[in-house]
Structure formats: C-alpha cells, structure tokens
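Heads up: the structure comes next, in structure tokens.
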Ligand SMILES: *Cc1c(COP(=O)(O)O)cnc(C)c1O
C-alpha cells in the first residue's frame, strides 16, 4: 500500500544510524569516498552522496516518481532540465505566465544556443496547441500561476505532449507535492523550487526534479557537467524541513481558504484570486487536479492607491520577497516580481498596481484576520479623515 504523505515526509529515504542508533539521518559531509571495490564513485557533484541519495528517495516518493535529483537552486533545476531536452534547432512552447527567473533564462540565454521558443497567448490547452511547430520538443507549464493563481489543465497538456511527441514539464512550486502530483496525470517531468514549500522556513535555497528513471538519467548526465549540486549540509537541512511539509502545507491551505473567504466578503476588497473559492473561474478544474488549493492568494483593494498604506499598517504580516515560509508575507507584484515590465504589459497580464500577493503562513487564523482587519480599518478611517 502506498504510504500517506506525512509518513513519506517523515520516513522515506532516511539513513539508518547503524553505529549510534540515532533517530535521524546522520550527516555525511565527506567530499571524498573510497573507490576500491565499489561501482559507484561518490562525489557531491555526481549527485550521489549518502544524504543526497536519501533526500532524492523522499522527493521521488512525494511525487510518485521513479527517481529525483536535488540542485543548488530552483533555477539550477529548471535550466538543467530544459537544456537536457533541447538542442540547437529545437523549439519549446511555454506558458505565458511563468516565474520571472525562468522567463529571463529563456529571453537572455536561449538565442545563444539556437533554441527557438514561443510563449502562449492564453492558458487554455488550445493556446498551447496553437504554438506547436514541427520542431517543438518541450512544453512547459506552471500551475497555479504567479501572481493571479490561474490554472492550466494538467491532463490536457500531458495529452497534447504525448500526441505531438513532446516532453512535458511543470513547475509545481506553488502547489507543492502535498497539493498536486502532476506525474499522476501523465506529465513527464516535475520541477520544484525547494526554496519555497519544501524548505518552508525561508532559510534554504534549493531545487528538485522528479521523473522516470530514463528521463532522470538524461538530466543527470547534463547536471554533472553543469555542476549545480547542493551542499550536503543544506541537503540534510532540507530533509529535516520535509518532515513537516505535510503539516505545514495543510495548515497553510486551511488558513488561505479562510483568509480568501474573509477578504472576499470585505467591503474594501475589490477582488480575491484563490482557486479554493467557489467563484474562482477554474474552481472545478482545481478540484479535479489538486488535493488542496494551496497557501498562495492574491487580492486587490478598492482604493488601489492605498495599497502601500495598507501594507505599512499590517503588524503581523510583513511585506517581503519570496514566499512559502511558515510566516505570512505579502508583496506588491507591480513593485517587485513584475517591476521590470511596463505598466501596459502588466495590465495586459491582469496585474494592477493595487494587486497584493499573499503567501499565507501557519499562524493562527484569528490572529491573521485580526491583523488584516485592523489594517483595513485604519486605511478606511484614514480616507474619511482626509481633508476634501
Ligand atoms: C522561486 C521560484 C523559482 C526559482 O527558484 P530559486 O530557488 O529561487 O532558484 C522557480 N519557480 C517558481 C514558481 C518560484 O516561485
């Protein structure tokens, strides 16, 4: 029987401490291992130290994959996976709304390698089909998307990939393996920025890829040459973080759902974007491909100009970059992740200046609501107090 998520998180892959019988995996910091009488030459950049292997078993189990690899960052995982399946003359179709770093990798580097690319116009399966060319080798999606939490139909993408002989890849960071397992729907390769929910404490930078043994071998062959491996100390720390991932993410799901409902009902909030809301246009799709709706939501205030004032008025929820920590944080995409786009490009993508992206933490729901409530009240009182 397949083990449940918290059992996988706690136990799968752990290294038995045969010498001292300690409860956790020992940390092996060695960069040098004996080579006599062993087939496997162990070395950190070969991605096969004891702690790396242990962690990869856990990640593979979490994504129902045959194998996995961990990298020094999410971008190392993404760049290595893409370049393992693309060569000069090939073409890739990518979703229009993807992580800024991935977007930059494509725009700034792919011309040098002679790899052609198209971004879709929308996020429907037909938008992807429309961009397929004879030389298209890879299709790349990210769902839920950043920062508007729009969904891509995972089954539909896997199906057009199979029909057109393309390798399908997904950035599964926003959902985490707790809420979404794309390999179950026929996607070939699943990628995570482990800096986010896998790490979960805003203190680890790492990436992960999981897939079939055959595809992971191909990614490994490039990975060892590019050299983006993760230090064993961080590997060990990430293994520890993963033990509580199920608990953390489920608490974040619950908080996000309640906050989304609270914000939707608030008179000073114009819009809320959260796949768990019944009025999210893709709520049915969300139910069919996610086990939980995630800890990320976005919203717009009615008085968009008051957004900075609102952010300053919050006491518990800090404004900061990045996401997925146990602490709640929020940011303005127009001022941070999407600041390099022109105001027009942002509007085209539906990102208004008043949009706020909220990474919901594990604090008590009532405390988070109380903080939002006092900040919303303070800006609406501020409005009344202003001289006409
Ligand atoms: C952060 C992030 C990445 C990049 O990960 P790094 O660990 O910062 O390299 C990729 N995709 C998504 C969706 C992210 O949020």
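Quick one: how many residues across the stretch 96-106 are under 16 Å from residue 157 (Cβ atoms) and away from the ligand (no atom under 12 Å from the Cβ)?
1
Out of 230, 237, 226, report the one residue that is surrounded by fewer than 17 Cβ atoms within 10 Å (Cβ to Cβ) and within 15 Å of the ligand (Cβ to nearest atom).
226
Just one of the numbered conditions (1) in contact with a strand residue (DSSP E or B) (Cβ under 7 Å, 6 or more places away or on another chain); (2) surrounded by 20 or more Cβ atoms within 10 Å (Cβ to Cβ); (3) in contact (Cβ under 8 Å) with a residue 40 or more places away in the chain; (4) on the phi < 0 side of the Ramachandran plot is not true of residue 324; which one?
All conditions are met except number (4).
Please pick out the residue among 202, 193 that is on the phi > 0 side of the Ramachandran plot, touching a residue at least 60 places away in the same chain (Cβ under 8 Å) and not assigned by TED's automatic domain parsing to the domain that holds residue 289.
It is 202.
Restricting attention to the stretch 292-314, which residues are in contact with a helix residue (DSSP H, G or I) (Cβ under 6 Å, 6 or more places away or on another chain) and surrounded by fewer than 17 Cβ atoms within 10 Å (Cβ to Cβ)?
Scanning the stretch 292-314 gives a single hit, 309.
Only one of (1) touching a strand residue (DSSP E or B) at 6+ places or on another chain (Cβ under 8 Å); (2) over 25 Å from residue 105 (Cα atoms); (3) buried (at least 19 other Cβ atoms within 10 Å of the Cβ) is not met by residue 85, so which one is it?
Of the numbered conditions (1) touching a strand residue (DSSP E or B) at 6+ places or on another chain (Cβ under 8 Å); (2) over 25 Å from residue 105 (Cα atoms); (3) buried (at least 19 other Cβ atoms within 10 Å of the Cβ), the odd one out for residue 85 is (2).
Tell me which of these residue 154 doesn't satisfy, since it passes every other one: (1) away from the ligand (no atom under 13 Å from the Cβ); (2) under 20 Å from the mean Cα position of the chain (by Cα); (3) more than 23 Å from residue 278 (Cα to Cα); (4) buried (at least 21 other Cβ atoms within 10 Å of the Cβ).
(3)
Within the stretch 321-328, is there a residue that is closer than 18 Å to residue 253 by Cα and in contact with a helix residue (DSSP H, G or I) (Cβ under 7 Å, 6 or more places away or on another chain)?
Checked against the condition, which is being closer than 18 Å to residue 253 by Cα and in contact with a helix residue (DSSP H, G or I) (Cβ under 7 Å, 6 or more places away or on another chain), the stretch 321-328 yields at least one hit.
Are any residues in the stretch 180-192 more than 13 Å from the ligand (Cβ to nearest atom), within 18 Å of residue 283 (Cα to Cα) and assigned to a loop (DSSP other than H, G, I, E, B), and if so, which ones?
Answer for the stretch 180-192, where residues must be more than 13 Å from the ligand (Cβ to nearest atom), within 18 Å of residue 283 (Cα to Cα) and assigned to a loop (DSSP other than H, G, I, E, B): just 181.
Scan the stretch 115-133 and tell me whether some residue there is within 19 Å of the chain's Cα centre (by Cα) and either within 14 Å of the ligand (Cβ to nearest atom) or at positive phi (or both).
No, because not a single residue in the stretch 115-133 is within 19 Å of the chain's Cα centre (by Cα) and either within 14 Å of the ligand (Cβ to nearest atom) or at positive phi (or both).
Cβ contacts < 8 Å: first residue farther than 17 Å from residue 68 by Cβ, restricted to the stretch 221-232; second residue at pLDDT 95 or above and surrounded by fewer than 16 Cβ atoms within 10 Å (Cβ to Cβ), any location; separation 6+ or different chain. Result?
Once the first residue is farther than 17 Å from residue 68 by Cβ and sits in the stretch 221-232, its partners that are at pLDDT 95 or above and surrounded by fewer than 16 Cβ atoms within 10 Å (Cβ to Cβ) give 227/45.
Residue 295 - would you say it is touching a residue at least 24 places away in the same chain (Cβ under 8 Å) and over 30 Å from residue 29 (Cα atoms)?
yes
Inspect the stretch 321-330 for any residue being in the same structural domain as residue 373 (by TED's automatic domain parsing) and over 23 Å from the mean Cα position of the chain (by Cα) and give the result as yes or no.
Checked the stretch 321-330: no residue is in the same structural domain as residue 373 (by TED's automatic domain parsing) and over 23 Å from the mean Cα position of the chain (by Cα).
Tally the residues that are in contact with a strand residue (DSSP E or B) (Cβ under 8 Å, 6 or more places away or on another chain) and within 30 Å of residue 245 (Cβ to Cβ), restricting the search to the stretch 327-351.
8
In the stretch 77-95, how many are out of contact with any helix residue (DSSP H, G or I) (no Cβ under 8 Å at 6 or more places or on another chain) and more than 10 Å from the ligand (Cβ to nearest atom)?
Qualifying residue count for the region: 3.
Based on this model, can you work out whether residue 268 counts as without any contact (Cβ under 8 Å) to a residue 60 or more places away in the chain, more than 16 Å from the ligand (Cβ to nearest atom) and in contact with a helix residue (DSSP H, G or I) (Cβ under 7 Å, 6 or more places away or on another chain)?
no
Name every residue in the stretch 326-336 that is within 15 Å of the ligand (Cβ to nearest atom) and farther than 18 Å from residue 371 by Cα, in order of residue number.
Result: 333, 336.
So, of the residues in the stretch 157-174 that are within 29 Å of residue 88 (Cα to Cα), within 16 Å of the ligand (Cβ to nearest atom) and assigned to a loop (DSSP other than H, G, I, E, B), which turns out to be farthest from the chain's Cα centre (by Cα)?
172
Within 16 Å of the ligand (Cβ to nearest atom) and part of a helix (DSSP H, G or I), is that true of residue 177?
Against the criterion (within 16 Å of the ligand (Cβ to nearest atom) and part of a helix (DSSP H, G or I)), residue 177 qualifies.
The values are calculated or read from the model by the stated rules, or taken from the named source; none is laboratory data. Being a predicted model, the structure only gives us computed values, none of them experimental. Using ideal geometry, Cβ is built from the backbone for each residue, glycine included, and neighbour counts are taken over all protein chains shown.
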